[in-house]
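> Here's a structure for you.
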Amino acid sequence: MAAGTVLEAMTMETAQAVAAEEFAQIVQSHRPQIFRFLLASTRDVDLAETLTQECFLKAHRNWSSFRGESSAMTWLMRIAINLQKDHWRNRRMQFWRLTQTNAVDLDEASEWLPGGESSAEQQMLAKEQVEHVWKAVKGLSERQRTVFLLRFVEERDLSEIAQATGLSEGTVKAHLSRALARVRTELGGRR
Amino acid sequence: MSFLKQNVQQTERIGGRGDELDLGLEPELEQALDAFRLSVHALSEAAYSRPRTVTVLTHRRVWRQAAGWALGCVLTAGIVSTGFYEQHQRQVAAQRAAQQAEQNRLAAQQMREQQMREEDELLAKVDSDVAREVPSAMEPLAQLVAEDESE
């Protein structure tokens, strides 16, 4: 009986250690993507870091309840989206706070382009395009922005976006279509 | 690899994802979206690996929080005091209105009394005038009586 209890305790400990190791791997592999999504959504480095930390803290607390119905990335993305929603909801109440603490402005964000071997002209064109897309993204509703970024920055497919946002695929398509119309308009105004 | 070539490869990758989404993206829009994705990736990578300045930010946040609380308190105090002031003003206005109504009532009463007094005086005057008139109407008869006695 006592030997059985000891064995049980050892098995539990081993299971916990395995789960911890699994979670550590998840953090290591998905943290940059979650941070990138939150940074693109909020355009605030500090806020994106804080929300990323909170996201993984929440994920760690609920790791045992993750049943693997969706990929870990989709599950984490869903947590991140909910945290972001909560943040904006709370922020609307804290109207006296500065809008962003360590915000990246549009010009600064558009500066970030991989150099490669492209010519100066191509770089200028790409910079201009990126600036216009940022402007369009800024003008999108929270939901449209989330869907747009998941599709065109994180390269998630429709079903993953639907799972992460809790929307139907049809609604995701509609949001994407509206977001793209806005980007088109912004790019069209450039010509 | 040139930037454009990289873009084309990325576009093909997205186009070939095989999901049921057909957004009908024109080449320029695709190019812009690719450039945007690469830009966000580069920005995120740079921000992710930047050195952290926790102390400075914490300090700044504390000040911001304190300033936020102070502003919040001032606003709350302002709203509360405005409420009290409004209430006080309403009470003063109500008192003034009551005083005014009382004064009007007294003035009306005085006016009524004055009118009654004037009416009484008028009636008294009429009575006295009538009382004086009646004997003078008998005066010719009295004269006749006097003349007869003298004859």
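The values are calculated or read from the model by the stated rules, or taken from the named source; none is laboratory data. Model, not experiment: these values are computed from the prediction. Virtual Cβ from ideal backbone geometry, glycine too; neighbours counted across all protein chains shown.
> Name the single residue, out of those in the range A:29-48 being among the small types (Gly, Ala, Ser) and more than 10 Å from chain B (Cβ to nearest Cβ), that is nearest to residue B:61 (Cα to Cα).
Filtering the range A:29-48 for residues among the small types (Gly, Ala, Ser) gives A:29, A:40-41, A:48.
The next check asks that each one be more than 10 Å from chain B (Cβ to nearest Cβ); those that pass are A:29, A:41.
On the way: A:29: 30, A:41: 22 Å.
Among those residues, the one meeting the criterion is A:41.
> For residue A:137, state whether it is under 15 Å from residue B:43 (Cβ atoms), modelled with pLDDT of 90 or more and within 12 Å of another protein chain (Cβ to nearest Cβ).
The answer is yes for residue A:137.
> Can you work out which of the residues in the range A:149-164 that are surrounded by fewer than 23 Cβ atoms within 10 Å (Cβ to Cβ) and among the hydrophobic types (A, V, I, L, M, F, W, C) is nearest to the other protein chains (Cβ to nearest Cβ)?
A:158
> If you go through the range A:138-164 one residue at a time, how many are aliphatic (A, V, I, L, M), free of Cβ contacts under 8 Å to residues at least 40 places away in the same chain and under 21 Å from residue A:83 (Cα atoms)?
Within the range A:138-164, residues that are aliphatic (A, V, I, L, M), free of Cβ contacts under 8 Å to residues at least 40 places away in the same chain and under 21 Å from residue A:83 (Cα atoms) number 3.
> Right, another one. One residue is enough: does the range A:105-120 have a residue meeting the conditions at pLDDT 90 or above, buried (at least 21 other Cβ atoms within 10 Å of the Cβ) and of a type in the set (Gly, Ala, Ser)?
Checked against the condition, which is being at pLDDT 90 or above, buried (at least 21 other Cβ atoms within 10 Å of the Cβ) and of a type in the set (Gly, Ala, Ser), the range A:105-120 yields no hits at all.
> Something else now. Taking the range A:140-157 as the region of interest, how many residues are under 10 Å from the mean Cα position of the chain (by Cα) and either assigned by TED's automatic domain parsing to the domain that holds residue A:80 or over 9 Å from residue A:175 (Cβ atoms) (or both)?
The qualifying residues number 4.
> Among the residues of the range A:11-36, write down those that are among the polar types (S, T, N, Q) and over 15 Å from residue A:71 (Cβ atoms).
In the first step, residues of the range A:11-36 are kept if they are among the polar types (S, T, N, Q); the result is A:11, A:14, A:16, A:25, A:28-29, A:33.
Hits for the range A:11-36 are A:11, A:14, A:16, A:28.
> Still on this structure, I have one more. Could you tell me whether the range B:5-22 includes any residue that is modelled with pLDDT of 70 or more, within 11 Å of another protein chain (Cβ to nearest Cβ) and surrounded by 13 or more Cβ atoms within 10 Å (Cβ to Cβ)? Full working, then the answer.
Quick first cut of the range B:5-22, residues modelled with pLDDT of 70 or more only: none.
Scanning the range B:5-22 turns up no residue that is modelled with pLDDT of 70 or more, within 11 Å of another protein chain (Cβ to nearest Cβ) and surrounded by 13 or more Cβ atoms within 10 Å (Cβ to Cβ).
> Which one of these does residue A:167 not meet: (1) free of Cβ contacts under 8 Å to residues at least 60 places away in the same chain; (2) part of a helix (DSSP H, G or I); (3) away from chain B (no Cβ under 11 Å)?
(2)
> Can you tell which of B:64, B:50 is modelled with pLDDT of 75 or more, under 54 Å from the mean Cα position of the chain (by Cα), at the interface with chain A (Cβ under 9 Å from one of its Cβ atoms) and not in a helix (DSSP H, G or I)?
B:50
> Pull up the range A:25-84, narrow it to residues that are charged (D, E, K, R) and part of a helix (DSSP H, G or I), then point me to the one that is surrounded by the most Cβ atoms within 10 Å (Cβ to Cβ).
Result: A:36.
> Go through the range A:150-183 and give me each residue that's hydroxyl-bearing (Ser, Thr, Tyr) and closer than 22 Å to residue A:39 by Cβ. Step through it out loud before you land on a result.
Taking the range A:150-183 and keeping what is hydroxyl-bearing (Ser, Thr, Tyr), we get A:159, A:165, A:168, A:171, A:177.
Hit for the range A:150-183 is A:165, nothing else.
> With the requirement that a residue be of a type outside the set (S, T, N, Q), within 11 Å of chain B (Cβ to nearest Cβ) and free of Cβ contacts under 8 Å to residues at least 24 places away in the same chain, what does the range A:171-182 give you?
A:173, A:181
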